[in-house]
Amino acid sequence: MKARIKFRKYGVMRFIGHLDVMRYFQKAMRRADIPIAFTSGYSPHMIMSFAQPLGVGVTSDGEYLDIELKESISSEKAVKQLNAVMVEGIDIVSFVQIPEDKKASGMTIVAAAEYKVSFLKSAKSAYETISVRDALSEKGDAERLVHNFLKLDQIMVLKKSKKQEREIDIKPLIYRMEVEGEQLHLFLAAGSEENLKPDLVMEAFFKFLGTTKEETPVHYHRLEVYAKNPNDGKDTDMTQFVSLESLGNLIPEFN
């Protein structure tokens, strides 16, 4: 049986990198007595994979971890036992059964991610914020600025990887960008094929405005991670995406 764990990451834990989060969950599985399966061989390790690792400093309400179980455990019991051993800064939201097909793994099916961008009073704290309209007031109306940015024929950025640097047009990868309440709301391509991080979008947006991220500090919060909706073939409507959590089923308690 395979299961998908959804968790939140916030507070000081936002400064913990992906490898440390992975080691943390390995210890948490033991402490919570989750019947996780191990690989075979001379050096067995827990069978787990993260859908879309989070960047350092980013908080989130929608992180996902897929694991393989050697025996069943109810969703309610698993969430309770895991939360009992969690440190402040990580909360378990749900625990659901997912198809055993490798093509159904979170790492494989991620297609989009949703973010909230908060504007900060200073770069020293992610908790003291100002509204996007106030932050951009010297440049003009926030809604109009976003509208004009998205009307550009191309939005070129320099995308860096471990092997190379290349200039790409990220406009097709921005599915939605709008002012929502006091923040900016981003809906971006994600996954192994096309992956757009929010800092690249904001870097291009600030360049368009004639400012920099140092002059206008922001904090990124991931709201959710999505897969393509298997029941919807539309290419432009947001209904083409569904959360990774929704693709699983609750595991009942067996007496």
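The values are calculated or read from the model by the stated rules, or taken from the named source; none is laboratory data. Since the structure is predicted, the reported quantities are computational estimates derived from the model, not experimental observations. Cβ placement follows ideal geometry from the backbone for every residue including glycine, while neighbour counts extend to all protein chains displayed. Surface accessibility is based on the protein's heavy atoms, side chains included, excluding ligands, DNA and RNA. Shrake-Rupley method; radii C 1.70, N 1.55, O 1.52, S 1.80 Å.
General observations
- Failed criterion for Lys159 (all others in (1) more than 21 Å from Lys207 (Cβ to Cβ); (2) in contact (Cβ under 8 Å) with a residue 40 or more places away in the chain; (3) over 18 Å from the mean Cα position of the chain (by Cα) hold): (1)
- Selection status of Ala84, out of contact with any Gly (no Cβ under 6 Å at 6 or more places or on another chain) and among the hydrophobic types (A, V, I, L, M, F, W, C): yes
- Ala51 vs. criteria modelled with pLDDT under 95, open to solvent by less than 20 Å² (accessible area, probe 1.4 Å) and outside the structural domain of Ser118 (by TED's automatic domain parsing): yes
- Flag for Phe187 being open to solvent by less than 20 Å² (accessible area, probe 1.4 Å), at pLDDT 95 or above and within 23 Å of Ile109 (Cα to Cα): yes
- Unique residue being touching a Leu at 6+ places or on another chain (Cβ under 8 Å), over 30 Å from Glu215 (Cβ atoms) and open to solvent by 40 Å² or more (accessible area, probe 1.4 Å) when the list is Gln26, Gln97: Gln97
- Qualifying residue in region 158-170 (condition: farther than 30 Å from Met1 by Cα and either surrounded by 18 or more Cβ atoms within 10 Å (Cβ to Cβ) or assigned by TED's automatic domain parsing to the domain that holds Ile36 (or both)): yes
- Only one of the numbered conditions (1) within 27 Å of Lys77 (Cβ to Cβ); (2) exposed (fewer than 12 other Cβ atoms within 10 Å of the Cβ); (3) modelled with pLDDT of 85 or more is not met by Leu247, and that is (2).
- Filter result (among the acidic types (Asp, Glu), surrounded by 13 or more Cβ atoms within 10 Å (Cβ to Cβ) and either not in a helix (DSSP H, G or I) or not assigned by TED's automatic domain parsing to the domain that holds Glu193 (or both)) within region 105-157: Glu114, Asp141
- Gly89 vs. criteria of a type outside the set (Ser, Thr, Tyr) and out of contact with any His (no Cβ under 9 Å at 6 or more places or on another chain): yes
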